[in-house]
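Remarks on the structure that follows.
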Amino acid sequence: SVAILQSTGSSSSSSSGRFHTVVCACLRALETGQQTTWATLLSDARQEVVRSLGLLSPESTSSVSPTIMRLQMLQSLSEAWALRWPPAPLTTVESSQGLIQVPAVPSPEALASAQQVWEERETVTGHGGRYHGQEPQVALRGTLVAALGCHAALPGVLADAAKAARKAGHLHHGLVAIQKLNAAAQQAPSGAAGPPSEKRIAWRLEAAKQLWAGGQQALAVDSARALLKDAKNVLGATAAATSRIFCLVGSWLANSRAASSAEVLHHLQQAVAPAPDVSSAGPSARGEARAHFRLANYADSQYRTLQQQNKTQERTEELAGLLHRKQQLAALEKPFMERWTAGKVPTTHNGTRMVQQRDQMTWSTISSLKKPIRFDEAAIEARASKEREFRDIALANYGRCLVKGNAYDLVSIFRLVQLWLGGDPEVVAALAELFPRVPSHKFLPLVYQMASRLSAKPDAAGFQSSLSRLLLRLAVDHPHHCLYQLLALKNGNRDRNGKVIAGAATSAGAMSHSVDQDKVAAAEQLLSDVSMVSDASKMTVEQVNQMVKIYISLAAIPVDRDAKAMAFPREFKRLPALPRVPVASAPLEVDPSAGYHELPYFVKFTGDMAFVGGINKPKLIKVVDSAGREFKQLVKSGNDDLRQDAVMQQFFGLVNAVLAGDPGSARRRLDMVVYKVVA
């Protein structure tokens, strides 16, 4: 068992070498039961590790992490000793040297509990792609499992080691772990019960993933296909395990382009077939969401490909040729059929053959034109049907992915809304049924773009009614994230002084270049609908509207161009508190359950009003909330277009989401400072 640790854990520093020497000595003592030696080594090692903390650089936590990892490894050794040599009851056997204590073999429950603790430590130390912190602990876990005599659990540890190495890009370590996994599986006693089918499937699947990561794509696909064939016939796999294999095979076939689109689609559809169309939680939900996303993403890629092909020069020429042939056919067929109907086309006495050669040639030409036209129209309809099929599959599975989990929310919701805003009546109708099943908070990143499409003009596709229903739901569930956008649209007919502009004419003093009265009317109607949902919604709308009017009035206050500060207007310092309005610039996390209760709310303005410079002299004010926190806010007026600021802040928020999803960026805590913009 010591060899496992020595072969995987490695370090170039002398201190790390001494530490691993002590760990190996502790493992020998653990196997033989030399308690005095073990306790002395463990105590000395802990003291040495703690003493080394004083020599580390205080400038970075990266130098502290290895030390914490070593302390965790020593704690794992201590926990393993308690499993192998429990204090009581003692199991002894007689020998020539007297009574000898027999090491205990931990029960499956005790081992599972210990492994759960060890795995949690590995996850913490390996967070953000820190493989150098995770790998020694995984290796130690394998060594401890072997030392405890639980050889049946060793393949699972090796599979975890292979997975961690693959994800970190250390493929050599992963292949070594897979080789040891295969050897451990072959060394199992012939009479002993084998591991559960789920574990065997996971091990073989990990081996296939190692091949794929190593560039052996064809071999990986063949291995996964063989596993898929054995899953039900030999291993008795569950529907979830079979779904996982189908999903992986389909994804690999799509990436390698080693199969037709029909075969890829078949595998991906089989991956989502066992999953019920309801939300769930846990690892199974993540797997189902992944399967739905991969199916939606592949169908969407095929849909986009067909759309791009429709815009090529070849397709344009094909349509032009079809149109030309139809015009030729109409020019020949119409007068001919008129003559035929009028009885001016001479035929034989039984009417089976035309008499004149000119009529025969005309009919032959008409027939020769009809055949390619029918062929071309059938081909165009087949492509259009395939395009609709791919589009519908993408829409349905993007929606199910949003219902199942959160891992692919950003891509899924952006693509769905993009298709929805395209205005296709079929898409609008499909998404009108889908959107109510999607949790409302997942639409919030795009509420600004969706609200900007509001209009009072009727449309045949039903887009406006669908949009109004969705925005109504968002404003009721998440008022503090949506009402400001709707109020900005409602106030889109105001000039720089906060006065309402009559009509839709362009005004030199308007905040916007032109007034869209249809948009203003639609926003007013939607806010009225929100107020009618409940008394709480009505109070929230009224108080947020009051807050917005205050900001408009503050922005419209004239200032001296040379002034650098001014006293805060007295009438704004005597405002009552607004218990349903959190400070607009305060960070407010999205609550998926829409339970925004007991939030700190706006109390008062404080201090003087300062100016930060610039042509339009933005005003710097201070706001205090009910928790006593003070916030600085910038009030802009004049020709400043806050819509541009809002879009840029939205973009910065998306950049932060991408950075948070990257292990390297998350490890370095890279992000951009984002400010809230109330346009």
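Averaged per residue, segment 628-679 has 68 square angstrom of accessible surface, using a 1.4 angstrom probe with ligands and nucleic acids left out.
Legend: Rg and Dmax of segment 486-618, from Cα coordinates, 17.1, 50 Å.
With the largest listed first and rounded to whole Å, the semi-axes of the equivalent ellipsoid of segment 395-450 from the Cα gyration tensor are 16, 13, 10. Between the entries (1) 56; (2) 21; (3) 44, the label attached to percent of Cα pairs over 48 Å apart calculated for this structure is (3).
Listed by chain and number, the lysines placed with their C-alpha closer than 30 angstrom to that of residue 604 are 490, 499, 538, 549, 564, 573, 617, 619, 622, 632, 636, 676; residues fewer than eight positions away on the same chain are left out. Given a 1.4 Å probe and the protein chains all in place, what does the accessible area of residue 566 round to, in Å² to the nearest 10? Roll a 1.4 Å probe over it and residue 566 shows about 60 Å².
Determine the share of the chain's accessible area contributed by carbon and sulfur atoms, expressed in whole percent, with a 1.4 angstrom probe. Percent of accessible area from carbon and sulfur atoms in the chain: 54.
When only the Cβ of Lys, Arg, Asp and Glu is charged (+1, +1, -1, -1), the dipole of segment 295-452 relative to its Cα centre reaches about 340 debye. Seen against the Cα atoms of the chain and their longest principal axis, helix 479-490 is set at about 20 degrees. The tail of the calculated P(r) for segment 568-679 beyond 25 Å holds 38 percent of all Cα-Cα pairs. The residue list 445, 456, 425 was ranked by how far each Cα lies along the charge dipole of segment 412-469 toward its positive end, using unit charges on Cβ atoms, and 445 comes out on top. Highest mean first, the peptides 33-41, 160-168 sorted by other C-beta atoms within 10 Å per residue fall in the order 160-168, 33-41. If you sort 324, 441 by accessible surface, 1.4 Å probe, largest first, the order is 324, 441. Descending by average beta-carbon neighbour count within 10 Å, the peptides 150-159, 111-120 line up as 150-159, 111-120, the highest first. Taking the longest Cα principal axis of the chain as reference, the axis of helix 463-477 is set at about 40 degrees. With the whole protein complex present, residue 206 retains an accessible surface near 10 Å², based on a 1.4 Å probe. Against the chain, whose longest principal axis is taken from its Cα atoms, helix 425-434 shows a tilt of about 40°. Under 26 Å Cα to Cα from residue 199, which lysines show up? Leave out anything in the same chain fewer than 8 places away. List returned: 163, 167, 180, 209, 229, 232, 404.
The values are calculated or read from the model by the stated rules, or taken from the named source; none is laboratory data. If you're wondering where the values come from, they're calculated on a predicted model, not measured in any experiment. Counting neighbours? That spans all protein chains shown, and the Cβs are built from the backbone with ideal geometry, glycine included. The accessibility values were calculated without ligands, DNA or RNA, using every heavy atom of the protein model including side chains. Shrake-Rupley method; radii C 1.70, N 1.55, O 1.52, S 1.80 Å.
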